[in-house]
Amino acid sequence: MTTYRGQGMARMEDERLLRGGGTFVDDIQLDGMLHAAVLRSTEAHARIRSIDTSAALASPGVAVVYTGADLDGVVPDIGAIRREGMGETPVPEHPVLAKGRVCYVGQPVALIVASTRAQAFDARDRIAVDYEPLPPLLDPRESASDAAPLHPDIGTNVVMRTEAGAGNVAEAFENADEIVEASYEVPRLVAMPMETRGIVVAPDAESGRVTVWTSTQVPHRVKAFLAMLLPGDVDVRVITPDVGGGFGRKIEVWPEEVVAAYAAVQLGAPVKWTEQRSESTLASHGRGFTADVEAAVRSDGTMLGVRIRMLADMGAYFLTSSGGPLGNAVQRVAGPYAIPAMDVECLGVTTNRPPTGPYRGAGGPEAAVPIERIMDDAARQLGMDPAEIRRRNFIPADAFPYQTATGLLYDSGDFHTAFDRALGMAGYAGLRERQASEGGPFRTGIGVATVTKASGGKAGVRKSLTRVEMKPDGRVIIVTDVSPHGQGTATSFSQIAADTLGIAPEMVELHHGDTDELASGGGTTSSRGLAVGGNAAYLALQEVKRRLDAAGGVVPANGITVELEWELPANPFGFAAHVAVVELDEGTGDVRLTDYAAVHDCGPMINPVIVRGQIQGGIAQGIGQALSEGMLYSAAGQPRTASFMTYGIPIAESLPAFLLENQQTPSPTNPLGIKGIGELPTVAAPVAVTNAVADALARSGADVSGVDMPLLTERVWRALG
């Protein structure tokens, strides 16, 4: 019998998309549809003295113009999902339109609805806003210390505090041979999906039902929040068509979407809003962390204890998922190391910047930077090889399941073997020999990073509802709550079904992204696609197989239907070991990435081709974060990198060929043994590249203590002095 799991089948989704057969939100056209445009704040912090919308209302085709005053008391602010660390302090909820004050450049101030998009844009330009500028609060350290509260009603800028740790940290520092101290920054980033945000809202006056098409990763969450935020008893159906990338930033419920939905209901007509690229860079960001790190180390490189103090720049307001990365970062900072004593704290503080939230890795890259960079800094201080200090501190393979000092329970792994494979692929020993003998203006830098990444999310949300229908003709329909946006879900689910039922993958049809088809669902976040959704489908398929066998292998006339909800009992943890090699021009500060090798352990692979694609994309994103991406601001709070002219996305020709291998250590947490892969490479890549650049700078005699991402040429050149 043909076995499909583990085979590198070509993705079944691709031909339709490559031939232009995809349907995205902006492709949806409805009779009588109106179009919305958003007026955004040009000030980082200001009072709104007045808004004159009269000229806009008189413009051709305009149906309505809303400001914050129109919606105050009618549409609630967007609240955050409560998380550990928020305590009793209220967090600043995001008004759907600014009310009396703006708190970041790009904040929605007014929404215009007109017959055409062009008319909406023309009317938007006729709105006059009189701002009274206020001093912006931009420095997270200042925000956390003595700055006046950005939101006086909350009374503090520290709106979230998460902590983790165990062991006797004070004793670890007393017994240390060396104390290593450093500070690191992780810049704010823009997710930059190919498809920006968008929504189409169509009300039905007779039924009172509202149908929403939206580019989201979490259709059931959007349904719940819109039903809660819209006035009256609104029955909401959410449909997610094709989605051109999410990367974690499409798990929010957005102010523009809420106002567009409100407008559609009030006008009794369909309303479409699609975001411009220039708006996407201003609306929200990921990352934005700083970390002060102290490590207590023995002379042989053993880490006795670590003390870490992080600050997370939350921006001016929270969105639904803003709090997620903080708790993740605090727990994940232990990495793959058996560090017995840790004391970790992260403060979330408000500033006059856009909201932040989950972005591919959601706390993982923020955690990897401090622990992986302090490993390299400790190695330099001790005169050790960065690879050797990691080996000295890895959790041994026979220690699993292993609980870290930050409270995570690692299910399985073999870190030493994967790391040695990565070093061998990169020719690490030869690279170090070459480094020792080179001269001239070019310096080779070698960076390593070893990281872990959980799949499935927090306890209580690791659930997936699925339904499998086997038709009398042998066709199989899988209805899943997983909402794909590039992961190749239709292909991998079809492979699982084909193996379980003994059919061809082409006999399988995947349904997703329609809240009418399943009562609940978690969508696609936290690398849960296969680890949670795939396992739920697998168990449902097994039950179909049992019933089919009981019927003598003949599908009954009414078919076989199985619906079940499955919960992942504990997180499986993947592991990655990356080696990056750069060439530094000491005369100009130019950095060129020349070689890259990586080994990933994501458990058994359903489709190695899809796994490889996820790894390549994740590494590319991480390289961008390290070398060229970052939302930078002026002292007045104006964004300096808000377009592709200044925000540097990596392109294919700037990337080296990646040497990639996989290790397959099954996880005992789930029937398929899967560990997620979608986010894992993005956790390791930024710090591997940063460590490589720091290595080259250190060999040039530069002080690397202030070297942080993005490692733009000017920054590197200044570090060289």
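The values are calculated or read from the model by the stated rules, or taken from the named source; none is laboratory data. A quick note: this is a predicted structure, and the numbers were derived from the prediction, not measured. With ideal geometry, Cβ positions are generated from the backbone for all residues, glycine too; neighbour counts draw on all protein chains shown. For accessibility, only protein heavy atoms count, side chains too; no ligands or nucleic acids. Shrake-Rupley method; radii C 1.70, N 1.55, O 1.52, S 1.80 Å.
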Output the qualifying pairs, or none if there are none: Cβ atoms under 9 angstrom, residues six or more apart or on different chains, first residue in the stretch 126-143 and within 30 Å of residue 310 (Cα to Cα), second residue surrounded by 15 or more Cβ atoms within 10 Å (Cβ to Cβ) and aromatic (Phe, Trp, Tyr). 136/104; 136/633; 138/633; 140/289
Sort out which residues of the stretch 225-259 are under 20 Å from residue 80 (Cα atoms) and hydrophobic (A, V, I, L, M, F, W, C), and write them in order of number. 225, 226, 227, 228, 229, 230, 247, 251, 253, 254, 258, 259
Output the number of the condition that residue 40 fails; it satisfies all remaining conditions of (1) surrounded by fewer than 17 Cβ atoms within 10 Å (Cβ to Cβ); (2) touching a Gly at 6+ places or on another chain (Cβ under 6 Å). (1)
Just need a number here: residues in the stretch 184-215 that are more than 20 Å from residue 29 (Cβ to Cβ) and either open to solvent by less than 30 Å² (accessible area, probe 1.4 Å) or β-branched (Val, Ile, Thr) (or both). 9
Checked pairs for the stretch 252-268, first under 23 Å from residue 523 (Cβ atoms), second among the charged types (D, E, K, R) and not in a helix (DSSP H, G or I), C-beta under 8 Å and 6 or more apart or across chains, list as 254/197; 256/197; 256/275; 257/197; 260/272
Looking only at the stretch 589-598, decide whether some residue is farther than 24 Å from residue 379 by Cα, open to solvent by 10 Å² or more (accessible area, probe 1.4 Å) and of a type in the set (Ser, Thr, Tyr). no
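Got a sec? Which strands (runs of 3 or more DSSP E) wholly within the stretch 120-235 have at least 3 residues that are under 30 Å from residue 337 (Cα atoms)?
Numbers: elements: 128-133, 158-166, 178-189, 198-204, 209-214.
The strands (runs of 3 or more DSSP E) meeting that bar are 158-166, 178-189.
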Any residue in the stretch 632-659 that is closer than 20 Å to residue 592 by Cα sitting within a Cβ distance under 6 Å of a residue that is of a type in the set (Ser, Thr, Tyr)? List the pairs, counting only those 6 or more apart or interchain. 647/641; 648/628; 656/594; 656/596; 658/596
Scanning the stretch 668-707 residue by residue, those part of a loop (DSSP other than H, G, I, E, B), at pLDDT 95 or above and among the acidic types (Asp, Glu) turn out to be 679
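Where in the stretch 383-449 are the helices (runs of 4 or more DSSP H), entirely inside, with at least 1 residues that are open to solvent by less than 20 Å² (accessible area, probe 1.4 Å), of a type in the set (D, E, K, R) and at pLDDT 95 or above? Give the derivation first.
Working: elements: 386-393, 415-426, 428-437.
Output list reads 386-393.
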Just wondering, is there one or more residues in the stretch 261-277 that are part of a strand (DSSP E or B), touching a Gly at 6+ places or on another chain (Cβ under 7 Å), open to solvent by less than 20 Å² (accessible area, probe 1.4 Å) and more than 30 Å from residue 479 (Cα to Cα)? no
Mind listing whichever residues of the stretch 678-705 are among the hydrophobic types (A, V, I, L, M, F, W, C) and open to solvent by 10 Å² or more (accessible area, probe 1.4 Å)? 698, 702, 704
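Would you be able to say whether some residue in the stretch 357-364 is over 23 Å from residue 615 (Cβ atoms) and hydroxyl-bearing (Ser, Thr, Tyr)? Before the answer, list the steps.
Initial filter on the stretch 357-364 (over 23 Å from residue 615 (Cβ atoms)): 357.
Add one more test, that the residue is hydroxyl-bearing (Ser, Thr, Tyr), and what stays is none.
No: zero hits.
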